[in-house]
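Accompanying notes for the structure given below.
The values are calculated or read from the model by the stated rules, or taken from the named source; none is laboratory data. Just so it is clear, the model here is predicted, and its values are computed rather than measured. Cβ placement follows ideal geometry from the backbone for every residue including glycine, while neighbour counts extend to all protein chains displayed.
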Amino acid sequence: MGEETGWRPASLDERIDRLEALDQIRQLASRYALAVDTRNMAALAALFVEDVRVGRDESGREAIEKWYGRSLERYGTTVHFVGNHVIDFVSADEATGVVTCHDELEMNGEWHLGKIQYWDTYVRRDGSWYFKRRKLQRWYLADALQRPSHNAGVNADPGSLMVGQLPDIWPSWDDFWTTRGKSPR
């Protein structure tokens, strides 16, 4: 992810189809944020493929609806702002993406601010685009009254989803600093 590779349209019809696909995929990310923030679990589940894998042992939209319901009941209000969205096509009907977001989470009457990325896999089925997989990564999650620092709040709560530490999880990050013989911190 992160570098444009893969399938490229050859004909004008394929180019138009790719433009429409880009818009539909971008809408997935925005509709996801809206569904999460409004706790519309049915709309959220409908953004995923029918046979979406949920954890190790479950699959399907009903399973993902229950999983998100359990995950989100620990928060009061949430606000997700979708920012950068990079999409790379694997084929005319498959793509990957990286979506950068700002999130605000109300937990126990306190607000926490964070920056996240979703590493996505998209697939088109019966003319519509869906999430096949969505993996959360995080820079930080900090109390709104504190200045965030690297790794602030990441994987600190054992009841929360375990995520990768950004930007460290990107191989290019380590390569950049290693070739300079320096540390970013």
Keeping to the stretch 41-53, report how many residues are under 17 Å from the mean Cα position of the chain (by Cα), hydrophobic (A, V, I, L, M, F, W, C) and surrounded by fewer than 18 Cβ atoms within 10 Å (Cβ to Cβ). 2
Would you check if R147 is farther than 27 Å from E20 by Cα and either modelled with pLDDT under 95 or buried (at least 16 other Cβ atoms within 10 Å of the Cβ) (or both)? yes
I'm trying to understand the selection: among the residues of the stretch 49-77, which are among the polar types (S, T, N, Q), within 18 Å of D103 (Cβ to Cβ) and touching an Asp or Glu at 6+ places or on another chain (Cβ under 7 Å)? T77
Of all residues making up the stretch 71-90, the number that are within 30 Å of A10 (Cβ to Cβ) and in contact with a Lys or Arg (Cβ under 9 Å, 6 or more places away or on another chain): 3
Could you list, in sequence order, all residues of the stretch 95-111 that are surrounded by fewer than 16 Cβ atoms within 10 Å (Cβ to Cβ) and either within 27 Å of D126 (Cα to Cα) or acidic (D, E) (or both)? E106, E110
Odd one out for A10, checked against (1) in a loop (DSSP other than H, G, I, E, B); (2) within 18 Å of G127 (Cα to Cα): (2)
Mind listing whichever residues of the stretch 98-130 are free of Cβ contacts under 8 Å to residues at least 12 places away in the same chain and closer than 17 Å to V52 by Cα? D126
Filter the stretch 131-160 down to the residues that are in contact (Cβ under 8 Å) with a residue 60 or more places away in the chain and in contact with a Leu (Cβ under 6 Å, 6 or more places away or on another chain) and list them by number. F131
Considering only the stretch 131-148, how many residues are in contact with a strand residue (DSSP E or B) (Cβ under 7 Å, 6 or more places away or on another chain) and either part of a loop (DSSP other than H, G, I, E, B) or not aliphatic (A, V, I, L, M) (or both)? 12
Failed criterion for D157 (all others in (1) under 24 Å from L28 (Cα atoms); (2) among the acidic types (D, E); (3) not in a strand (DSSP E or B) hold): (1)
Considering only residues that are at pLDDT below 80 and farther than 24 Å from D103 by Cα, which ones fall in the stretch 150-177? S172, D175, F176, W177
Regarding the stretch 94-113, can at least one residue be identified that is farther than 29 Å from R18 by Cβ and in contact with a Pro (Cβ under 8 Å, 6 or more places away or on another chain)? yes
